[in-house]
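Trainee: Below is one structure. I have some questions about it.
The values are calculated or read from the model by the stated rules, or taken from the named source; none is laboratory data. As the structure is a computational prediction, the values presented were derived from the model and not from experiment. Cβ placement follows ideal geometry from the backbone for every residue including glycine, while neighbour counts extend to all protein chains displayed.
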């Protein structure tokens, strides 16, 4: 497990056992994750396919009482994954962390509540699997503008190419216009 610059975000590298037949990997074990301090149970799996390189999904989150912890991994292809701290009062509020996840590196990303999440595909036909801690709740489904200059996200788009976006992802508010959906609570030991 490797902690990223923003507290709560971690990259997990599951063990792979391989031979000439292929490989086996245990990618999620609730007890093992709890032993690492990642105690939120995950209850739903979601999978996406992005046909085109440069597809940008995000930045998404759900609000309380349906806020979600996410565990992501790439089944095919590669993504540049971004998480923005939107917890008011956090020392890293408005900052982002980015990491490359791919089928080849087999890494997973743990995203706690209070982060807006999104990714840009680096290869065509990229498949991403998400495990989440709360069921999808349409009225609590929110977003943050992927291109907000205040965030300064350096998306890996080919020069002169616009991202492939959904209509919904073109309409999210900028950070300055985002309501205070999450408050920062420091860990008390």
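Trainee: Yes or no: residue 24 modelled with pLDDT under 95 and either part of a strand (DSSP E or B) or surrounded by fewer than 19 Cβ atoms within 10 Å (Cβ to Cβ) (or both)?
Mentor: yes
Trainee: If you go through the stretch 132-140 one residue at a time, do you hit one that is assigned to a loop (DSSP other than H, G, I, E, B) and either surrounded by 16 or more Cβ atoms within 10 Å (Cβ to Cβ) or in contact with a helix residue (DSSP H, G or I) (Cβ under 9 Å, 6 or more places away or on another chain) (or both)?
Mentor: Checked the stretch 132-140: at least one residue is assigned to a loop (DSSP other than H, G, I, E, B) and either surrounded by 16 or more Cβ atoms within 10 Å (Cβ to Cβ) or in contact with a helix residue (DSSP H, G or I) (Cβ under 9 Å, 6 or more places away or on another chain) (or both).
Trainee: Report yes if residue 6 is part of a strand (DSSP E or B) and surrounded by 12 or more Cβ atoms within 10 Å (Cβ to Cβ), otherwise no.
Mentor: Considered against the rule, which asks whether it is part of a strand (DSSP E or B) and surrounded by 12 or more Cβ atoms within 10 Å (Cβ to Cβ), residue 6 comes out as no.
Trainee: Which of the residues that make up the stretch 166-183 are surrounded by 13 or more Cβ atoms within 10 Å (Cβ to Cβ), in contact with a strand residue (DSSP E or B) (Cβ under 9 Å, 6 or more places away or on another chain) and without any contact (Cβ under 8 Å) to a residue 60 or more places away in the chain?
Mentor: Matches in the stretch 166-183: 173 only.
Trainee: Of (1) farther than 17 Å from residue 107 by Cα; (2) surrounded by 11 or more Cβ atoms within 10 Å (Cβ to Cβ), residue 31 satisfies all except one. Which?
Mentor: (2)
Trainee: Next question, about the same structure. Only residues that are part of a loop (DSSP other than H, G, I, E, B) and modelled with pLDDT of 95 or more: list them for the stretch 168-189, please.
Mentor: 171, 172, 173, 174, 178, 179, 180, 181
Listed here are the residues, each with its yes/no results for (1) within 13 Å of the chain's Cα centre (by Cα); (2) modelled with pLDDT of 95 or more.
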site: 78; (1), (2): no, yes
site: 82; (1), (2): yes, yes
site: 87; (1), (2): no, yes
site: 99; (1), (2): yes, yes
site: 128; (1), (2): yes, yes
site: 140; (1), (2): no, yes
site: 149; (1), (2): no, yes
site: 162; (1), (2): no, no
site: 165; (1), (2): no, yes
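Trainee: Can we say residue 54 is under 27 Å from residue 159 (Cα atoms) and buried (at least 20 other Cβ atoms within 10 Å of the Cβ)?
Mentor: When the stated conditions are applied, residue 54 does not pass them.
Trainee: To continue, here is another question. Can you confirm whether residue 144 is in contact with a strand residue (DSSP E or B) (Cβ under 6 Å, 6 or more places away or on another chain), surrounded by 13 or more Cβ atoms within 10 Å (Cβ to Cβ) and modelled with pLDDT of 95 or more?
Mentor: In short, yes.
Trainee: Now, a different point. Taking the stretch 34-58 as the region of interest, how many residues are farther than 18 Å from residue 119 by Cβ, outside any loop (DSSP other than H, G, I, E, B) and in contact (Cβ under 8 Å) with a residue 12 or more places away in the chain?
Mentor: Result for the stretch 34-58: 1.
Trainee: Under the condition of being part of a strand (DSSP E or B) and without any contact (Cβ under 8 Å) to a residue 60 or more places away in the chain, which residue from the stretch 102-131 is surrounded by the most Cβ atoms within 10 Å (Cβ to Cβ)?
Mentor: Top of the filtered list is 116.
Trainee: Could we say that residue 31 is touching a residue at least 12 places away in the same chain (Cβ under 8 Å) and under 20 Å from residue 133 (Cβ atoms) here?
Mentor: Criteria not met by residue 31.
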